[in-house]
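Remarks on the structure that follows.
The values are calculated or read from the model by the stated rules, or taken from the named source; none is laboratory data. Bear in mind the structure is a predicted one, so any value in this text is a computation, not a measurement. Virtual Cβ from ideal backbone geometry, glycine too; neighbours counted across all protein chains shown.
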């Protein structure tokens with residue numbers, strides 16, 4: 001895999017890790033529990049990370065980019081829906097604003113940028129089929145970081161929501177309020 | 001349900017990193033389809049938009 005493409009995929013995995021960490025920052029430092037749509041947006045970020053992790057492991061493939069685009073479109077649908085819920089003046093908002101935009105607005109922008117980034121990476125070309133690829137230490141570390149964050153989200157989401165469904169406006173953790 | 005979606009996605013990544021491409025993509029597809037169904041479950045309320 002050309003070094004620039006590999007570096008871009010590495011940056012994407014790290015960037016998605018930072019997004020998941022930032023969401024945790026707001027959840028645990030500010031006590032803002034994620035709503036069901038917010039959680040679905042986190043899931044979409046995790047699903048997009050899958051495609052980039054596969055690129056780091058197997059080398060860039062059009063199929064991996066296709067999966068990233070599908071996941072990003074899913075994320076745009078979830079975040080766009082939440083933007084629409086709060087777009088009318090006076091309809092309120094959910095959570096804190098960062099630089100004037102709420103998380104779901106930033107998520108919508110980030111998913112759009114992911115689609116744009118993947119389009120640019122596809123224009124840069126992919127290796128020929130059968131090309132051997134060996135992930136390096138930075139790629140392995142980045143992949144393990146994002147896998148650990150997704151696993152942590154599985155645990156904390158279960159603690160917050162339980163086995164079935166989160167309340168629309170969560171105020172406490174399911175496991176601690178039983 | 002949401003925690004299961006995270007778990008499936010993580011499992012897909014772990015299987016992929018272990019070198020099982022087809023199985024990893026298969027688990028991803030299951031996670032993606034379940035996520036779509038879960039999103040559909042959560043977007044039934046009408047939007048308060050007027051045009």
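Residues being over 20 Å from residue A:65 (Cβ atoms), in contact (Cβ under 8 Å) with a residue 12 or more places away in the chain, at the interface with chain A (Cβ under 7 Å from one of its Cβ atoms) and part of a helix (DSSP H, G or I): count how many of those fall in region B:1-38.
Within region B:1-38, residues that are over 20 Å from residue A:65 (Cβ atoms), in contact (Cβ under 8 Å) with a residue 12 or more places away in the chain, at the interface with chain A (Cβ under 7 Å from one of its Cβ atoms) and part of a helix (DSSP H, G or I) number 3.
Taking the stated definitions as given, is residue A:56 part of a helix (DSSP H, G or I), touching a helix residue (DSSP H, G or I) at 6+ places or on another chain (Cβ under 6 Å), touching a residue at least 40 places away in the same chain (Cβ under 8 Å) and over 28 Å from residue B:44 (Cα atoms)?
Yes.
Look at residue A:138 and say whether it is modelled with pLDDT of 80 or more, more than 10 Å from chain B (Cβ to nearest Cβ) and either outside any helix (DSSP H, G or I) or touching a helix residue (DSSP H, G or I) at 6+ places or on another chain (Cβ under 8 Å) (or both).
On the way: modelled with pLDDT of 80 or more: yes; more than 10 Å from chain B (Cβ to nearest Cβ): yes; either outside any helix (DSSP H, G or I) or touching a helix residue (DSSP H, G or I) at 6+ places or on another chain (Cβ under 8 Å) (or both): yes.
Criteria met by residue A:138.
Give A:62, A:2 a once-over and let me know the one that is touching a helix residue (DSSP H, G or I) at 6+ places or on another chain (Cβ under 9 Å), surrounded by fewer than 20 Cβ atoms within 10 Å (Cβ to Cβ) and farther than 23 Å from residue A:168 by Cβ.
Values: A:2 fails: touching a helix residue (DSSP H, G or I) at 6+ places or on another chain (Cβ under 9 Å).
Residue meeting the stated conditions: A:62.
Criterion first (surrounded by fewer than 16 Cβ atoms within 10 Å (Cβ to Cβ) and either touching a strand residue (DSSP E or B) at 6+ places or on another chain (Cβ under 6 Å) or outside any strand (DSSP E or B) (or both)) does residue A:46 satisfy it?
On the way: surrounded by fewer than 16 Cβ atoms within 10 Å (Cβ to Cβ): no; either touching a strand residue (DSSP E or B) at 6+ places or on another chain (Cβ under 6 Å) or outside any strand (DSSP E or B) (or both): yes.
Considered against the rule, which asks whether it is surrounded by fewer than 16 Cβ atoms within 10 Å (Cβ to Cβ) and either touching a strand residue (DSSP E or B) at 6+ places or on another chain (Cβ under 6 Å) or outside any strand (DSSP E or B) (or both), residue A:46 comes out as no.
Of the residues A:91, A:79, A:96, A:105, which is touching a helix residue (DSSP H, G or I) at 6+ places or on another chain (Cβ under 9 Å) and within 9 Å of chain B (Cβ to nearest Cβ)? Can you show your working first?
Values: A:79 fails: within 9 Å of chain B (Cβ to nearest Cβ); A:96 fails: within 9 Å of chain B (Cβ to nearest Cβ); A:105 fails: within 9 Å of chain B (Cβ to nearest Cβ).
Going through A:91, A:79, A:96, A:105 in turn, just one is touching a helix residue (DSSP H, G or I) at 6+ places or on another chain (Cβ under 9 Å) and within 9 Å of chain B (Cβ to nearest Cβ): A:91.
From A:25, A:31, A:15, which residue is in a helix (DSSP H, G or I) and either within 17 Å of residue A:166 (Cβ to Cβ) or under 10 Å from the mean Cα position of the chain (by Cα) (or both)?
Numbers: A:25 fails: either within 17 Å of residue A:166 (Cβ to Cβ) or under 10 Å from the mean Cα position of the chain (by Cα) (or both); A:31 fails: in a helix (DSSP H, G or I).
From the options A:25, A:31, A:15, the qualifying one is A:15.
Before we move on, is residue A:125 touching a helix residue (DSSP H, G or I) at 6+ places or on another chain (Cβ under 9 Å), under 20 Å from residue A:51 (Cα atoms), in contact (Cβ under 8 Å) with a residue 40 or more places away in the chain and surrounded by fewer than 15 Cβ atoms within 10 Å (Cβ to Cβ)? Steps first, please.
Values: touching a helix residue (DSSP H, G or I) at 6+ places or on another chain (Cβ under 9 Å): yes; under 20 Å from residue A:51 (Cα atoms): yes; in contact (Cβ under 8 Å) with a residue 40 or more places away in the chain: yes; surrounded by fewer than 15 Cβ atoms within 10 Å (Cβ to Cβ): yes.
Taking the combined requirement at face value, the residue satisfies it.
Give the residues of region A:146-163 that are facing chain B (nearest Cβ under 8 Å) and crowded, with 23+ Cβ neighbours inside 10 Å, sorted by residue number.
Scanning region A:146-163 gives A:146, A:147, A:150, A:153, A:157.
Name every residue in region B:39-51 that is part of a helix (DSSP H, G or I) and within 7 Å of another protein chain (Cβ to nearest Cβ), in order of residue number. First the steps, then the outcome.
Here is the first cut: in region B:39-51, the ones part of a helix (DSSP H, G or I) are B:39-42.
B:39, B:42, listed by residue number.
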